[in-house]
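See structure below.
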Amino acid sequence: MTPDISVEIAGLSFKNPILTASGTCGYGEELADIFDLSQLGGIVTKTITMKPRDGHPSPRTAEASSGMLNAIGLANVGVDKFIEEKLTYLEKFDTRVVVNVAGTCTSDYVNLCARLNDHPRADMVELNFSCPNVDVGMEIATDAKLAEETVSKVKKVFSRPVIAKLSPNVTSIADIAVACENGGADAVSLINTLVGMAVDINTFRPRLTNNTGGLSGPAIKPVALACVFKVYKAVKIPIIGIGGISNYSDVIEFFLCGASAVQIGTTLFVEPDAPVKIVKELKKYLSKNKIESIRELTGKVRIYK
Ligand SMILES: Cc1cc2nc3c(=O)[nH]c(=O)nc-3n(C[C@H](O)[C@H](O)[C@H](O)COP(=O)(O)O)c2cc1C
């Protein structure tokens, strides 16, 4: 039996459930030097904004125990150059392209998605409601009403599936997920980074020029799994799990807690070809355990009552 690792999100098929996470592989160019991007289920681009952004000055990353801190500040080429160069570059790969977008208000998201709607290579958009590293990044992520309104306005201008990317830095991530579902989101992805900080004890300076940053990597995996578990109980739309995934068993854990696909971020900095290895290992795990399709595992954690 050859196990089936294909998945479906909002009516779109993915050859496997492994996507790269936004901001951890740019627009795919560098990763394509290491492996053929067509081996990925999908690539999620660095967050795009209307105008190009330089982001925060260096240092904007720092090591943390079992993870890393970053405050890049959404450095990106802006939507015009993105469409002209980066989206065109991605055309040659047989993989799903998810374009991650952010803005300072609802109309930024709407305008960006309206532009992307004319470019079918953008298979899906992922609304980054959750960047903790810019002044206005968290407003929509923490306000259920605003999140619902933004998703619903984007749905009117973007004809393909819309994913809302959620923050763990809220009182109830499930409430925000429900609001996004009510607004018409086709899927939710979670989690973005947790707010964190590190200080140099010789200079008394924070290790990031933004003072605080976002914590990612293995350190956040238990938090991410609990978020997926809670959101799975609250919504009917598919969940894309993100946070500290570095091997196939992490992926299986996310599926059992309720994910239908996953994204890999920080691990790419340590082991850039991890997605290819994980795809192989997933097939082996399914064969060994006589599981016909990875889709059977979503939400199958056997909880204690
Ligand atoms: C250096 C870096 C840059 C990131 N930039 C973005 C970004 O531009 N947009 C976004 O939605 N998430 C961004 N993220 C968050 C990741 O997409 C992901 O949600 C988070 O890192 C958790 O996954 P991980 O533990 O596998 O890295 C970034 C993360 C890192 C480490």
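The values are calculated or read from the model by the stated rules, or taken from the named source; none is laboratory data. Computed from a predicted model, the values in this text were never measured in an experiment. A quick note on method: Cβ atoms are made from the backbone with ideal geometry, for glycine too, and the neighbour counts reach across all protein chains shown.
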Lone unmet requirement of (1) farther than 21 Å from Leu127 by Cα; (2) away from the ligand (no atom under 12 Å from the Cβ); (3) not in a helix (DSSP H, G or I) for Tyr89: (3)
Being at pLDDT 95 or above and within 21 Å of Val157 (Cβ to Cβ): is that true of Val110 here? yes
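For the range 237-252: of the residues being in contact with a helix residue (DSSP H, G or I) (Cβ under 7 Å, 6 or more places away or on another chain) and more than 13 Å from the ligand (Cβ to nearest atom), which is nearest to Lys46 (Cα to Cα)? Working first, answer last.
Residues of the range 237-252 that are in contact with a helix residue (DSSP H, G or I) (Cβ under 7 Å, 6 or more places away or on another chain), as a first pass: 237, 239, 241-248, 250-252.
Now narrow it down to the ones that are more than 13 Å from the ligand (Cβ to nearest atom): 237, 239, 248, 252.
Numbers: Ile237: 24, Ile239: 20, Tyr248: 24, Ile252: 25 Å.
Checked the range 237-252; the qualifying residue nearest to Lys46 (Cα to Cα) is Ile239.
Among the residues in the range 31-42, are any among the aromatic types (Phe, Trp, Tyr), within 14 Å of the ligand (Cβ to nearest atom) and either at pLDDT 95 or above or closer than 21 Å to Val276 by Cα (or both)? Can you show your working first?
Within the range 31-42, the subset among the aromatic types (Phe, Trp, Tyr) is 35.
Filter once more, so that each one left must be within 14 Å of the ligand (Cβ to nearest atom): none.
Scanning the range 31-42, I find no residue that is among the aromatic types (Phe, Trp, Tyr), within 14 Å of the ligand (Cβ to nearest atom) and either at pLDDT 95 or above or closer than 21 Å to Val276 by Cα (or both), so the answer is no.
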Conditions (1) more than 14 Å from the ligand (Cβ to nearest atom); (2) more than 30 Å from Glu85 (Cα to Cα); (3) modelled with pLDDT of 95 or more -> Leu208 fails only (1)
Residue satisfying all of: in the range 59-81; touching a Leu at 6+ places or on another chain (Cβ under 9 Å) and away from the ligand (no atom under 11 Å from the Cβ); nearest to Val223 (Cα to Cα) among these: Glu63
Counting only residues that are surrounded by fewer than 21 Cβ atoms within 10 Å (Cβ to Cβ), give me the strands (runs of 3 or more DSSP E) lying completely in the range 173-266 with at least 3 of them. 194-197
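Would you confirm whether any residue within the range 126-134 is part of a loop (DSSP other than H, G, I, E, B), surrounded by fewer than 16 Cβ atoms within 10 Å (Cβ to Cβ) and of a type outside the set (A, V, I, L, M, F, W, C)?
If we filter the range 126-134 for residues that are part of a loop (DSSP other than H, G, I, E, B), which is where we start, we get 129-134.
Checking which are surrounded by fewer than 16 Cβ atoms within 10 Å (Cβ to Cβ) leaves us with none.
Within the range 126-134, not a single residue is part of a loop (DSSP other than H, G, I, E, B), surrounded by fewer than 16 Cβ atoms within 10 Å (Cβ to Cβ) and of a type outside the set (A, V, I, L, M, F, W, C).
Just the residues that are part of a loop (DSSP other than H, G, I, E, B), out of contact with any helix residue (DSSP H, G or I) (no Cβ under 7 Å at 6 or more places or on another chain) and not basic (Lys, Arg), please, taken from the range 53-76. Outline the logic, then answer.
Restricting attention to the range 53-76, the residues satisfying the condition of being part of a loop (DSSP other than H, G, I, E, B) are 54-60, 65-66, 71-75.
Filter once more, keeping what is out of contact with any helix residue (DSSP H, G or I) (no Cβ under 7 Å at 6 or more places or on another chain): 54-60, 71-75.
Asp54, Gly55, His56, Pro57, Ser58, Pro59, Ala71, Ile72, Gly73, Leu74, Ala75 - these are the residues of the range 53-76 that are part of a loop (DSSP other than H, G, I, E, B), out of contact with any helix residue (DSSP H, G or I) (no Cβ under 7 Å at 6 or more places or on another chain) and not basic (Lys, Arg).
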